[in-house]
Amino acid sequence: MNQEVEKALQSALARKNPPDGFADRVMARLPEAQSSSSSNVRTMPSRRPAWLAIGLAASLAVGSFAGLRYQQYRQGQEASRQLMLALQITGEKLTLAQHKVVGVGERRIDQ
Amino acid sequence: MQPGPNTSDELLTQARAGSRSAFSELIEIHQSMVFSLLLHVVNEAAVAEEIAQDVFLELHKNLDSIESGQHLTRWLRTVASRRGIDEVRRWKFRSPHALEDLPEPRIDAESPDVLLSEKLRKLLNRLPAKHRTIVVLRYQEDLDPSDIALQLEMPVATVKSTLHRALGMLRCAFDRANVTTQETLLKREAV
């Protein structure tokens, strides 16, 4: 019985052609669709430089930011080095002054 | 018309390059498949043609994404099936009557085969849109359940169980319709 139903279904659901001129009617609607797709095609070359420019600008911005940060880092390092040198000089001067004060104090006690 | 794999591939390449005649040939090759699928799902020739035209216009927009002739056939079946299901659901939602409440199609047929085909199509229209599409893909396009599952992106088990249930429903209705048809024919012969 299933086979009978299946056979009848195959017959009932056989492919049918659309009314004559179907392809022509689709093609007649195509220029509208094509103009939108062709406009996409036309805009692609102009979009490419735009994307390139955006990419280039982004790269430059990132590069500049990185360069600025590096420069700030170098300046910080230099400032730190100078501070250490200044502290070292100050320390040496303080030590010298301390020796002198101690020396003067010892001489007064001796007198 | 069944296209050879090379024919479709070549036409596809030409259509992608912008050949209108190649695209027109692709329509000629696939129009009966797309139109019939939609006709059997939406059961209205004018609506089926309108949606079929939209399917081919969508194809034209997506030509670059179609990789081969086989891919093209699968793409058309999938898009047509989805559009058909959507249309039936929208129509059912808009319509104050359910599909099964609509008047029975007029039968002018002379032969019992045509009468039975009409009855079967009418019975098929009582199935939910998705079940109907599965049956159409199985018996119009002769697809296996696994192929149908791929086309409609659903599990194979669901397709199999849907086909089983749909066939069961159709068989019961078919038995009743068969008896009625035979009675109708007998009455006609008597007249």
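The values are calculated or read from the model by the stated rules, or taken from the named source; none is laboratory data. For clarity, every value in this text was computed on a predicted model and none was experimentally measured. Note that we place each Cβ from the backbone using ideal geometry, even for glycine, and neighbour counts take in every protein chain shown. Please note that ligands, DNA and RNA were not included when accessible areas were found on the heavy atoms of the full protein model with its side chains. Shrake-Rupley method; radii C 1.70, N 1.55, O 1.52, S 1.80 Å.
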request  = Tell me, please, whether a residue that is more than 9 Å from chain A (Cβ to nearest Cβ), over 16 Å from B:Ile148 (Cα atoms) and touching a Pro at 6+ places or on another chain (Cβ under 9 Å) can be found in segment B:47-67.
outcome  = no
ask   = Would you say B:Leu72 is within 14 Å of chain A (Cβ to nearest Cβ), at pLDDT 90 or above and open to solvent by less than 30 Å² (accessible area, probe 1.4 Å)?
value = no
inquiry  = If I filter segment B:15-22 for residues that are at negative phi, surrounded by 19 or more Cβ atoms within 10 Å (Cβ to Cβ) and not basic (Lys, Arg), do I get at least one hit?
reply    = yes
